[in-house]
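Only the coordinates and a few stated rules stand behind these numbers; no lab work does. Treat the numbers as computed from the prediction; the structure is a model and nothing was measured. Neighbour counts run over all protein chains shown; Cβ positions are idealised from the backbone, glycine included.
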């Protein structure tokens with residue numbers, strides 16, 4: 001994707017702090033800032049569960065920021081009263097699956113795609 005759509009820009013930047021929460025990690029270089037990590041959840045309409053996603057810049061893998069972002073995200077979801085957090089991970093992404101297990105997520109094969117894992121954490 002070269003240019004994000006208006007809809008995507010709105011989704012990524014208009015956080016309501018209730019149904020949609022996001023945390024970012026920023027690196028400051030001189031006078032500029034660059035987002036190097038981002039984790040977010042979006043609650044289901046029933047307000048009991050949420051889907052999450054996390055992205056870390058390649059050069060920032062294994063620095064600990066993923067754990068910090070996920071800890072903040074999980075704490076926020078618990079405080080909001082959500083009961084479970086879940087996401088989808090490619091089965092070939094062994095590092096993410098190890099990371100998810102270390103955070104207490106249960107890993108299952110996605111029912112509609114054997115190459116994808118569904119990770120679920122009770123909050």
The alpha-carbon pair-distance distribution computed for the chain, with 10 angstrom bins and whole-percent values, is 12, 40, 38, 10, 1
Ranked 99, 105, criterion: other C-beta atoms within 10 Å, fewest first: 99, 105
Residue 20-residue 108 pseudo-label distance in nm [points 7 Å out on the Cα-to-Cβ vector]: 2.8 nm
Subtracting the Cα-Cα distance from 0.36 nm times the residue separation, let me have the gained length for residue 120 to residue 60 in nm, one decimal. 19.1 nm
In whole angstrom, note down how far apart the Cα centers of the stretch 69-118 and the stretch 1-57 are. 17 Å
Given a 10 angstrom Cα cut-off, can you work out which residue in 112, 51, 75 is the most mobile in a GNM of the chain? 112
Full extension from residue 8 to residue 92: what is 0.36 nm times the residue separation minus their Cα-Cα distance, to one decimal in nm? 27.5 nm
